[in-house]
1. Show me 215-222, 322-329 ranked by packing, highest mean number of other Cβ atoms within 10 Å first.
2. Assuming R0 = 22 Å, can you tell me the calculated FRET efficiency for the pair Glu261 and Lys313, based on Cβ-Cβ distance, to the nearest 0.05?
3. Can you grab the distance from the C-alpha centre of segment 322-351 to the C-alpha centre of segment 278-303, Å, no decimals?
4. Looking at this model, which pairs from Lys209/Lys232; Lys62/Lys130; Lys145/Lys180; Lys147/Lys180; Lys271/Lys311 are more than 20 angstrom apart at the alpha-carbon?
5. Ser65 to Glu385: extension gain in nm, 0.36 nm per residue of separation minus the Cα-Cα distance?
6. Between Met240 and Thr164, what FRET efficiency follows from the Cβ-Cβ distance if R0 is 45 Å, with the result rounded to 0.05?
7. Lys and Arg at +1, Asp and Glu at -1: add these up for the other residues within a Cβ distance under 12 Å of Ile199 and post the number.
8. Straight-line reach from Lys229: which aspartates and glutamates have a Cα under 14 Å away, not including same-chain ones fewer than 8 places off?
Amino acid sequence: MENAATATATTSGLPLREQMPTMAAPSMPDPTQVATQVGISADEFALYDRQIRLWGVQAQEKIRSASILLISLSALSNEIAKNLVLAGIASITVVDHALVTEADLGAQFFLSHDDLGKNRAEAAAPQIRKLNPRVNVMVDTSNIKDKGSDFFSLFDIVIATDQTPMSLGLINTATRVLGKRFYAAGVHGMYGFIFSDLIEHDYLVEREKGNKTTVLGQETRSQSIVDVKEKKEGEKRIEMVTKRELYTTWMLSSDGSNLPEEFLKSRRRLKAVTPILSCFRALWQYVEESNGRYPTSSEDIRRFTILATQKHKALGLPEETLKSHVLRQFLGNLGCEIAPVTAVLGGQLAQDVINVLGARQQPIQNMVIFDGDTMEAPMYPLHPEGPLGTGLLPMSIGVENGMLMNGAGMTLPFNPSVVRV
């Protein structure tokens, strides 16, 4: 005999769950419509669908309006250009006066044997354009050292690769005076670095509100919370936290700036700092002293070893972490590019540019050192004493007096009308 529940369930000939009234699902905004409202076409939405869903329509709109300057074409900048063009920036200008040589064919995938003797930027441009025809790829075959400082005002972000330390300092000075964001990067075999000077950069972090109240104010020497708002998403309370990162110049960060206080107070953390940081600082000074040469002779190597030891000590790092085999391996890698390393560093730099444009992720602060021996790329905030961010404009670099001061105390000439790189 059927019970009452069974009888009710079978009255209409359908199971009980299929007789229940249906609830309308909450309507969600059509992302295509949202994209159209901010100026992204349906075709563009289809092309960039995955990344729009990852970082949002508003961020993609900022990316698609960005103009990027890329200085020098190398294996590293090949990777940077590839990633930025695929992301859908508005335009990229490649400045390079050099001609294609056999050495360029080893790790540069935009060039072929047929390009030998051609300008590197002109030879690579057709291949870069094929990646994304929507991006305007422009070429400038002049020497970057002949550019006036106003040249950099045409771009949102300036990326300089494979330049001398003094060149990086002069370009960075020009970008700072103009309020433009700057990246520098270089690779030597299994080792590489990324430096960023965003001057002052705000970005938004959205997170579920916890029990602890988020307080405005400084979190670290270079980071602070400047605004907090709340919103509701269903039953959740979401915090929208605006953070601000303050930066310093290449000249001050590449030499003379210390590790953060939290490193200096912990011997464990100091022992974990890669000695490749000391090697790069020694190399940058050596290159300036020797007019661009790398150490090759026994006398050169002795001088480099002295510099590396001094830099290591100045950073407060334990003597035992700068071993002789580290110096030998670093010197043995100078002047060459290895594709996997350029892919890692180039991808990381390009991703940081995208994050900065979208202003939704914490950016690099402010030096990344890639150590191929450990296959790690730790980040070190290297800042001098005194003001950071816009507080460094222009007094700490002495632009008003026509001079630059680097971290080692060297005074360098600077003409703000012409960048003599």
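1. Numbers: 215-222: 11.9, 322-329: 14.2.
So the peptides 215-222, 322-329, ranked by packing, come out 322-329, 215-222.
2. On the way: r = 18 Å, r/R0 = 0.83.
It comes out at approximately 0.75.
3. Their Cα centres are 16 Å away from one another.
4. On the way: Lys209/Lys232 10 Å; Lys62/Lys130 22 Å; Lys145/Lys180 18 Å; Lys147/Lys180 16 Å; Lys271/Lys311 15 Å.
Correct reply: Lys62/Lys130.
5. Numbers: separation 320, 0.36 × 320 = 115.20 nm, distance 3.61 nm.
Full-extension gain reported as 111.6 nm.
6. Numbers: r = 43 Å, r/R0 = 0.95.
Efficiency at R0 = 45 Å is approximately 0.60.
7. On the way: positive: Arg176, Lys180, Arg181, Arg244; negative: Asp197, Glu200, Asp202, Glu245.
Around Ile199, the charge tally is 0.
8. Glu206, Glu208, Glu239
FYI, it's all coordinate maths here, none of it is from the lab. What you are looking at is a predicted structure, and each value in this text was computed from that prediction instead of being measured. Every residue, glycine among them, receives a Cβ derived from its backbone with ideal geometry; neighbour counts consider all protein chains shown.
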